[in-house]
Amino acid sequence: MPSPPPAASRAIKTSPGWSAWPAGKVPRPGRRCCPVPPRYSLHTLTASRSRFPALRWDCTGCGQQVTDRAPAGRPVHAGHGHPPGCARLAADQAAEEEERRTRLARLIVHPEDPAGSAQRHWLAERIADDCPRGGWHGYFHHYIATIGGDWSAAVCDNCHAGLHLDITVAVRYFPARSPLDGEPVAVIRQRTRSDRAFPDLGQMLTWRL
């Protein structure tokens with residue numbers, strides 16, 4: 001029987017059609033987000049010079065060409081090109097919000113006392129999701145927070161700290177550059193919080209696709 005591939009070359013299934021990097025890290029949008037044959041076909045059809053071209057398609061709801069910037073996430077964030085009032089975008093976003101309300105509420109061990117309109121909740125397990133307030137995608141290790149009890153727009157623990165009247169937050173921004181050509185590729189946001197002894201590791205806010 002052949003031996004299994006080494007850990008460094010294995011991919012972990014995160015959802016139908018998508019794979020994660022080794023160690024369970026979710027690939028950033030546009031990077032190894034689909035198997036090689038479909039990615040090659042997409043590259044050929046779009047005639048893009050980029051190795052990871054964005055997907056463009058015609059929306060039947062508004063008749064506009066839409067560019068998908070990410071393999072997953074909120075439709076209003078990932079799909080660029082819809083005009084205001086697009087019926088399909090509104091339906092897709094409503095379905096996404098309902099799915100989040102159902103899924104996230106089931107992952108809570110217990111809620112903490114609310115601080116104004118914000119309330120933090122203990123997670124039963126680590127999840128990968130995005131924070132609509134902070135503009136960030138990554139791991140939610142222990143907490144997730146709601147504003148006004150709305151699970152469809154749940155935010156990260158750092159955003160909860162920024163809304164908490166008893167916590168002072170200082171924010172710094174750092175540019176990240178490619179080691180190959182020195183081009184800027186990301187913005188890193190780092191927070192120092194009065195309820196913690198050390199600054200956080202930082203969050204990547206944007207990247208080139």
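Each reported figure results from applying straightforward, stated rules to the coordinates on display, with no laboratory input. None of the values given here were measured: they were computed from a predicted structure. As a convention, Cβ positions derive from the backbone with ideal geometry for all residues, glycine included, and neighbour counts pool all protein chains shown.
Counted by Cβ distance under 14 Å from Asp58, the other residues give a net charge of +1, where Lys and Arg count +1 and Asp and Glu count -1.
Can you give the net charge of the other residues whose Cβ lies under 11 Å from the Cβ of Leu201, counting K and R as +1 and D and E as -1? Kindly include the intermediate steps, with their values, before the conclusion.
On the way: positive: Arg189, Arg191; negative: Asp200.
Around Leu201, the charge tally is +1.
Electrostatic bookkeeping for Ile188 treats Lys and Arg as +1 and Asp and Glu as -1; over the other residues with beta carbon under 12 Å from its beta carbon, the sum is +3. Once Rg and the Kirkwood radius are both taken over the C-alpha atoms of the range 107-207, their ratio Rg/Rh works out to 1.01.
Counting other C-beta atoms within 10 Å, and keeping those with at most 14, which DSSP coil trypsin sites (Lys or Arg not before Pro) do you find in the range 145-209? Walk me through the numbers before you get to the answer.
On the way: sites: Arg172, Arg177, Arg189, Arg191, Arg193, Arg196, Arg208; in loops: Arg196, Arg208.
Taking the range 145-209 and a limit of 14 other Cβ atoms within 10 Å, the loop trypsin sites (Lys or Arg not before Pro) found are Arg196, Arg208.
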